[in-house]
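Each remark here refers to the structure printed beneath this line.
The values are calculated or read from the model by the stated rules, or taken from the named source; none is laboratory data. Here the structure is a predicted model, which is why all the values come from computation and not from measurement. No Cβ is skipped: glycine too gets one built from the backbone with ideal geometry, and neighbour counts run over all protein chains shown. Protein only, heavy atoms only, side chains kept; ligands, DNA and RNA dropped before computing areas. Shrake-Rupley method; radii C 1.70, N 1.55, O 1.52, S 1.80 Å.
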Amino acid sequence: MDNSLNRCLDHLWMRPKSTTKDLQKATGVSLGELHAFIKSGRLSSLTYTNLTYPCESCGCDTRSGRLCSSCNGVFKEAGKSDKPQEPQRQLIVKTTAKVLYTSRNR
């Protein structure tokens, strides 16, 4: 694994504009391994702007997070509903005063 990462870093040092597929062809490292390197932060997609990995929902290329921007927008919209929100339940705590009764007459 370290050998694969070193090959990738050496290639990116010489060709920082390489895409993920170019990197895979040049180094012989599998795409799955490259995606794992990018997701874990070993290969920074901020430094090497053409490195991507697939969206977990649709499979489109993304550079950060688990979802691409279009899927992220879809899920945000799905979270917003057209129905009015039900009022939140309120917890009402009733306290009772404790009275101590004794049998003695004073």
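Of note:
- Extreme residue, nearest to CYS71 (Cα to Cα), among residues of the range 1-58 that are open to solvent by 80 Å² or more (accessible area, probe 1.4 Å) and either β-branched (Val, Ile, Thr) or in contact with a Ser or Thr (Cβ under 6 Å, 6 or more places away or on another chain) (or both): THR47
- Residue list for the range 21-39, restricted to those being free of Cβ contacts under 8 Å to residues at least 24 places away in the same chain and not in a helix (DSSP H, G or I): GLY28, SER30
- Test: residue in the range 83-104 that is modelled with pLDDT under 85, in a loop (DSSP other than H, G, I, E, B) and among the aromatic types (Phe, Trp, Tyr): yes
- Remark: pairs (first residue in the range 1-20, in contact (Cβ under 8 Å) with a residue 12 or more places away in the chain; second residue of a type in the set (S, T, N, Q) and open to solvent by 50 Å² or more (accessible area, probe 1.4 Å); Cβ separation under 7 Å; 6+ apart in sequence or on different chains) = LYS17/ASN50; SER18/ASN50; THR19/ASN50.
- Taking the criterion of being assigned to a loop (DSSP other than H, G, I, E, B) and within 14 Å of the chain's Cα centre (by Cα), the residues of the range 53-82 that qualify are CYS55, GLU56, SER57, ARG63, SER64, GLY65, ARG66, LEU67, CYS68.
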